[in-house]
Structure formats: C-alpha cells, structure tokens
Amino acid sequence: MRSNPNMNSERGSASLELAMLSVAILTFFLLLIVGARVSMAHQSLQSAAFAGARDASLVRTVGEASSAGSAGANLALNQAGIKCTNTSIGIDTSAFSKPIGTVGQVRATLTCKVKLADVAFPGLPGNITITKHSTSPIDPYRER
C-alpha cells in the first residue's frame with residue numbers, strides 16, 4: 001500500500017497556525033494594556049485638574065491660589081500613581097481681581113506626557129500628551 005503524497009504536505013500546519021494565532025492574541029492584549037493606561041491617565045488627570053481648581057478656589061489671595069492649586073493637582077497625581085515624563089500645571093486666578101459680588105471661576109489646566117514606550121509595541125508613539133481643564137467657582141461674597 002502506498003501512502004498518499006498529499007497527506008504529508010500538511011504536516012506542521014497546525015504549529016504554524018498556532019504561532020500566527022498567538023501573535024494575534026499577544027497584539028490584542030498589548031493594545032488592551034495601552035488602552036487601559038491611556039484611559040486611566042485621562043481619568044486621573046481630569047481628577048487632578050479638578051482638585052487643583054477646587055483647592056485654588058478655596059483660598060483668598062492670588063499667590064495662595066496658585067500654590068494651593070498646583071499642590072492639590074500634584075497630590076492628586078501622586079495618589080493616582082500616574083507617572084508623567086513632563087507635567088505642566090497652570091492655574092488661572094484672574095477671577096480673584098473681580099469686585100466682590102461678581103461671580104468668578106478658577107481654571108486649572110493640567111498637561112502630562114504619559115510614557116507608552118515601556119509597553120514596547122511597534123508603531124506606538126513613545127509618549128502621548130494629555131491635557132485636561134477644570135473650573136471651580138469662587139465665592140462672590142467673600143473677602144479677597
């Protein structure tokens with residue numbers, strides 16, 4: 001009895017299919033990790049911007065507002081565990097110069113470069129820059 005030559009030509013195809021499938025699954029999980037990291041960074045930066053604006057709106061002077069806002073935003077970032085390669089915190093305190101009885105808001109702007117290079121996925125940028133804004137009202141009838 002002779003063996004069929006076509007039966008031997010498929011030898012090893014299951015191993016090749018498994019290798020190709022494992023690359024696709026690994027790519028999916030790496031993209032899932034990148035998406036989770038970016039989403040978490042967006043949420044944490046928004047929370048930190050809110051904390052900075054809120055802390056700045058609670059003090060009475062412009063100088064105190066800038067330092068309190070920056071400190072509040074930095075504390076929120078540290079508590080969230082977000083590691084930025086470059087962080088910029090801007091606190092707009094121009095509403096403190098408005099007359100008493102006038103509604104005003106403090107605005108915090110937070111910019112962070114989140115590192116993605118350690119995921120080591122080809123084609124991804126090394127960093128992604130995320131900017132978030134938040135405002136908090138100033139009590140219009142308090143002394144400034």
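The values are calculated or read from the model by the stated rules, or taken from the named source; none is laboratory data. Computed from a predicted model, the values in this text were never measured in an experiment. Note that we place each Cβ from the backbone using ideal geometry, even for glycine, and neighbour counts take in every protein chain shown. Each accessible area value is taken on the protein alone, full model and side chains, heavy atoms only, with ligands, DNA and RNA left out. Shrake-Rupley method; radii C 1.70, N 1.55, O 1.52, S 1.80 Å.
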Average accessible surface area per residue within the chain, 1.4 Å rolling probe, Å²: 64
Those GluC sites (Glu not before Pro) in the stretch 7-86 that DSSP places in a loop and that have at most 13 other beta carbons within 10 Å: E10
In degrees, nearest ten, helix 13-57 long axis to first principal axis of the chain (Cα): 0
Unit charges on C-beta of K, R, D, E only; dipole of the chain, Debye: 60
Rounded percent of accessible protein surface that carbon and sulfur make up, the chain, 1.4 Å probe: 58
For the chain, calculated [θ]222 nm from helices alone, where every DSSP H run of n ≥ 4 adds -39500 (n - 2.57): -16500 deg cm²/dmol
Spatially close lysines, pair count over the chain: Cα under 22 Å, gap of eight or more or interchain: 5
Relative contact order, percent, the chain [alpha-carbon distance under 8 Å, six or more residues apart]: 24
Directionally averaged shadow of the chain, computed from the convex hull of its alpha-carbon atoms, nm²: 11.8
